[in-house]
1. Hey, rough spin-label estimate for ASN277 and GLN305, points 7 angstrom out along Cα→Cβ, what's it come to in nanometres?
2. On full extension of the chain, what length is gained from VAL93 through SER331, given 0.36 nm per residue of separation minus the C-alpha to C-alpha distance?
3. May I ask for the distance between the Cα centers of region 54-110 and region 322-338, given as a whole number of Å?
4. Can you list which of the DSSP-assigned H helices in the chain have a Cα extent of 24 Å or more along the long axis and an average Kyte-Doolittle score of at least 1.0?
5. In nm, to one decimal, how far is the modelled label at ALA193 from the one at ILE122, with both set 7 Å along Cα→Cβ?
6. Once R0 is set to 35 Å, what does the formula 1/(1 + (r/R0)^6) return for the Cβ-Cβ distance between ALA257 and ILE186, expressed as a FRET efficiency to the nearest 0.05?
7. Name the residue from TRP208, GLY189, GLY343 whose Cα lies farthest towards the positive end of the charge dipole of the chain, charges +1 on Cβ of Lys and Arg and -1 on Cβ of Asp and Glu.
8. If you average 1/r over every pair of different alpha-carbon atoms in region 81-237 and take one over that average, what Kirkwood value in Å do you get?
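What follows is calculated from the coordinates using simple rules that are stated; it is not laboratory data. Here the structure is a predicted model, which is why all the values come from computation and not from measurement. Neighbour counts run over all protein chains shown; Cβ positions are idealised from the backbone, glycine included.
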Amino acid sequence: MSNKTSKKATLNMRQYGMMIMLIVVYVFFAILTGGKNLTPMNINNLIMQNGYVVILAVGMLLCVLTGNVDLGVGSVVATCGAVAGTLIVDFGVSTPLAMLAALAVGAAFGVFVGFFVSELEIPPFIVTLATMLMGRGLCYVILKAQTKGPLPASYNWIGTGFLPTIPVGGVDLICLVVAAVISVLIVLGEMTAVAPATQPGLPVAPAWQLIVKDAVIIGIVWFFFWKLANYNGIPVVLVLMAILVGIYHFITTNTVAGRQVYAMGGNAKAARLSGINTKKVFFWVYANMGLLAAVAGIVLSARNQSATPKAGDSFEMDAIASCYIGGAATSGGVGTIIGAVVGAFIMGILNNGMSLAGYDTNIQKIVKGMVLLGAVTVDLVSKRKKG
C-alpha cells in the first residue's frame, strides 16, 4: 500500500514538473528584466504572440504520440495565410469565405499527407519534408513574393481583438469572473478525480500534494487573468485556444480515437494486432494537423494584419519542441495536451524574456535548442534507468 502511494506521488510530481519549470523560467526573466515581463501589456502580448504556437502544438502532439512529427506545418501556416490574404486583397472576397478557403487548403494538405502516410506507407518524415518544401514554394507563388495587406478589421479581429469588457474600479469584471469559474472547476475536478481512489486498496496521493498542486495552478490562473483585467480584457485568440485545448484534451482522454493514438505510440504492431485500424488513425491525425495549421495561419495573418511569404518560418520546430518540453516521449505513446500547451508557453516565455532582456534572435535559437535537447535527454535517460 505504501509503495503504491509513493509511486503515485512521484508520478504526480513528474506530471506537473513542467508547470514548476514554467514558473521558474518566468520568475527568472522577471528578475533579469526588472519586471518588464510582469506588465499587463506584456502578458497580453505573450498570449497573442504564442496563440498560433499553442494551436500547432495541440495538433503536433497527436503526431508525436504516434512516434512521428510533421515538418510541414510552418509552410502550411504560410500558405493558408497567403490564400486568405490574396482572396481578400486581390479579389475582394468576404472574411468568412476567405477563412473557409484557408481552412480547406489546410485540410487538403493534411489529407495529402495522410494519404501518403496511411495508404502508401511512406514515412511521415519524408512526406512532411516534401510538404514543407512544396508549401513554402506554393506560398511564394500565390503571393508572388509580396506582402498582401492590410487586411480588414473583421479578419484581424481573431488575432488582435478582445471580448467585450465590464469595467469595475478600473479592472474588467469578466476576467475576474472567468478566473473564479476556472478555480471552482479545478477544485471540483480534483474532487471528482480523487473520489474513486479513496476506495480501500487503491493508492492515494497525499492530500498536501493535491492542495499545493491546485493552489499553484489557481494562483497562475488568477495572476494571468488579473493582468488581463488591468489591460483590455480577454483576447479572442485566448478563447480560441481554450476551446481547441478543451476539445483535444477531451478527445485524447475520453474517446476511443484518443486511446487508439496512444496505443499506436506505445506499440504500433501490437495495436494493429489488437484490431486497431492504424491506417485510419494515421490518416485522421495528419488530416487534423493540416486543419489546425490552417487555423494557426489565419490567426498569424490576422495578428500581422497581412499575409507574408516568410510567415510560419521555423514554426514546426517550435511546435515539436513544445511537445517534447511538455513531457511527450520521443518514442510516442506518452504526452498530454496540457503538457504541450505548457511547453508552448515555456518556449514563448523564453522568446519574450530574452527579447525584453536585449538578446538577439541568434542567442534565442541557441537557448531554445539547448532547452529542447535537455528535455529529450532527461526523457531518454529516465527511461534507460527504469529499464
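1. Calculated label separation equals 4.8 nm.
2. Extra length from VAL93 to SER331 when fully extended: 81.2 nm.
3. Cα centres, region 54-110 to region 322-338: 23 Å.
4. 40-65, 73-91, 95-118, 124-143, 173-194, 207-229, 236-254, 337-356
5. 4.1 nm
6. 0.85
7. TRP208
8. Roughly 20.5 Å, rounded to one decimal.
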